[in-house]
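Heads up, the thing below is written out as structure tokens.
Since every read-out is calculated from the coordinates, none of them should be taken as a lab result. Given the structure is predicted, the values throughout are model-derived calculations rather than measurements. No Cβ is skipped: glycine too gets one built from the backbone with ideal geometry, and neighbour counts run over all protein chains shown.
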Amino acid sequence: MTQRFPQDFLWGGAVAANQVEGAWQTDGKGQSTSDLQPQGIFGERVERQAGDSGIKDVAIDFYHRYPEDIKLFAEMGFTVLRTSIAWTRIFPEGDESQPNEAGLAYYDRLFDEMAKYNIQPLVTLSHYEMPYGLIKKYGGWGSRTTIACFVKYAETVFERFKHKVKHWLTFNEINMSLHAPFTGVGLPEESNKQAVYQAIHHQLVASALAVKACHQIVPEGKIGNMLLGAMLYPLTPNPADVMETLQQNRDWLFFGDVQTRGYYPSYMTRFFRENGITLDITEQDKIDLRQPVDFISFSYYMTGCVTTDEELNQKERGNILNMVPNPHLASSEWGWQIDPEGLRYLLNVLYDRYQKPLFIVENGLGARDTVEADGSINDDYRIAYLNDHLVQVREAIDDGVEVLGYTCWGPIDLVSASKAEFSKRYGFIYVDRDDQGNGTLTRTRKKSFFWYQDVIKTHGESL
Ligand code: BGP
């Protein structure tokens with residue numbers, strides 16, 4: 001088999017504005033949903049009172065320290081950095097007639113800094129946040145008005161950054177809206193399926209309109225969707241388990257089907273009927289949806305199993321999506337099951353299904369790190385995790401899957417999305433900060449920093 005990755009394969013890391021930038025009220029930024037979730041993406045919405053503070057208010061202060069961080073990414077050899085634009089820096093309330101110039105200027109500086117080192121930006125338009133103003137005024141994605149606000153925001157940033165950013169993504173892990181409605185579509189957590197799927201429909205239309213706008217505005221622009229790629233296996237060969245697995249995988253593949261094919265898959269007709277869901281889908285919506293993405297991107301951390309065994313289904317499973325654990329796999333401290341081969345499997349499944357280029361835009365191991373007396377951080381567990389996954393990516397490429405690149409999650413430590421804390425770390429670069437917000441924010445290279453540097457330098461031959 002081939003030992004090297006393709007010459008033009010993009011190597012880098014991925015972060016999200018709200019998990020690194022901090023500066024939550026700087027230069028005219030408005031309140032976003034993530035500013036109101038002190039417990040993370042599954043947490044309650046909490047109105048902020050004067051004097052309240054949260055771990056993300058400063059995060060790792062990337063807003064001010066990005067030159068130092070990008071220099072470190074360049075030292076590792078990054079050719080791509082995935083980040084997101086905070087919508088509230090551009091339209092603080094979400095529906096202003098004019099964008100906030102200070103917010104646009106910040107991203108100009110950021111992309112210019114990346115260009116100095118030939119690091120391409122891969123930019124997510126909406127990563128788990130939206131202007132709170134749009135929720136107060138219109139009810140978030142429950143309203144069609146939000147589609148127009150989002151498209152205006154997308155057109156604004158395409159226009160402004162069209163010569164600096166060629167790769168775009170619409171909504172981060174769009175399928176997560178089913179599990180965390182406030183984070184995903186700005187609806188109350190207890191919303192019923194009818195409301196959530198209607199809001200998702202609005203978001204899918206907005207995503208398609210952003211694809212159209214990107215193609216019109218950005219010369220040679222490419223835009224993809226972004227899925228949480230949590231592949232499910234049947235727990236047993238019982239045909240009932242196998243069928244149920246097919247159905248449950250469709251819960252998330254549905255998003256990819258619409259964004260890639262431009263229309264709702266037929267299995268959803270039955271799903272909506274059996275769940276008493278009637279969607280308002282206009283003729284214009286159907287036309288608007290017909291804007292397939294150029295490539296498919298996804299996050300990959302784990303797989304899970306499906307069972308029809310009632311008793312097993314009653315058990316508490318302790319991982320993020322409440323998936324049945326696979327008896328053949330080990331788990332991280334947070335119950336995320338480690339499955340490198342599953343990444344090759346998923347890449348093949350997606351490529352067989354869509355025949356479009358794929359981009360792995362998140363993958364990594366959240367772990368507690370120990371700083372030794374001499375200041376070093378020997379994160380061999382992280383190296384092992386990433387090494388095993390990249391070997392499987394190389395296998396998939398050898399299978400003929402077209403993979404554009406790999407941006408592992410959190411190349412620098414950042415605030416965890418699900419836990420809103422610091423001790424779950426992903427980085428090659430350690431940031432001195434704890435769960436209470438104490439620490440100097442000093443950056444330190446971990447052992448994995450040098451490992452990744454070598455992987456990139458050798459195009460994967462060192463794996
Ligand atoms: C993905 C999100 C990221 C990120 C990552 C790791 O679902 O897109 O924002 O944080 O998961 O999750 P966590 O931070 O909860 O460990």
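Quick look at the values:
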{"quantity": "Reachable lysines, given that their alpha-carbon falls under 22 Å from the alpha-carbon of Lys56 and they are not under 8 places away in the same chain", "calculated": "Lys29, Lys136, Lys419, Lys424"}
{"quantity": "Derived scalar couplings ³J(HN,Hα) [the range 422-427; Karplus, 6.51 cos²θ - 1.76 cosθ + 1.60; whole Hz; x for Gly, Pro]", "calculated": "9, 6, 8, 9, 10, x"}
{"quantity": "Under 17 Å from the Cα of Lys166 - aspartates and glutamates, other chains or at least 8 residues apart", "calculated": "Asp8, Asp108, Asp112, Glu113, Glu155, Glu220, Asp294"}
{"quantity": "Placed amide H near Tyr128: partners under 5 Å, 5+ positions off or other chain", "calculated": "Asn172"}
{"quantity": "Charge tally in the Cβ shell below 12 Å around Trp24, where Lys, Arg are +1 and Asp, Glu are -1, Trp24 excluded", "calculated": "-3"}
{"quantity": "Residue-count net charge about Arg4 - beta-carbon cut-off 14 Å; Lys, Arg +1, Asp, Glu -1", "calculated": "-3"}
{"quantity": "The range 175-190 and the range 439-453: distance between their alpha carbon centers, rounded to Å", "calculated": "34 Å"}
{"quantity": "Computed label-point distance, nm, for sites Lys193 and Glu421 using a 7 Å Cα→Cβ extension", "calculated": "3.4 nm"}
{"quantity": "Separation of the Asp435 and Glu159 label points, Cα + 7 Å toward Cβ, nm", "calculated": "4.6 nm"}
{"quantity": "Three-way shape call for the range 220-349 based on the alpha-carbon gyration tensor, with the a/c threshold at 1.5", "calculated": "oblate"}
{"quantity": "Theoretical FRET efficiency, 1/(1+(r/R0)^6), r = Cβ-Cβ of Asp52 and Ala105, R0 25 Å, to 0.05", "calculated": "0.35"}
{"quantity": "Computed lengthening from Asp280 to Gln247, 0.36 nm per intervening residue step minus Cα-Cα distance", "calculated": "9.5 nm"}
{"quantity": "Nearby lysines by direct alpha-carbon distance to Lys457 (threshold 17 angstrom, same-chain neighbours under 8 apart not counted)", "calculated": "Lys71, Lys447"}
{"quantity": "Amide proton proximity set for Leu81, modelled H, under 5 Å, gap of 5+", "calculated": "Gln120, Leu122"}
{"quantity": "P(r) of the chain over all Cα-Cα pairs, binned every 10 Å from zero, in whole percent", "calculated": "4, 21, 33, 28, 12, 2, 0"}
{"quantity": "Stretchable slack from Asn313 to Arg273, in nm (0.36 nm times residue separation minus alpha-carbon distance)", "calculated": "11.9 nm"}
{"quantity": "Burial order of peptide ranges 11-18, 70-77 (average beta-carbon count within 10 Å, highest first)", "calculated": "11-18, 70-77"}
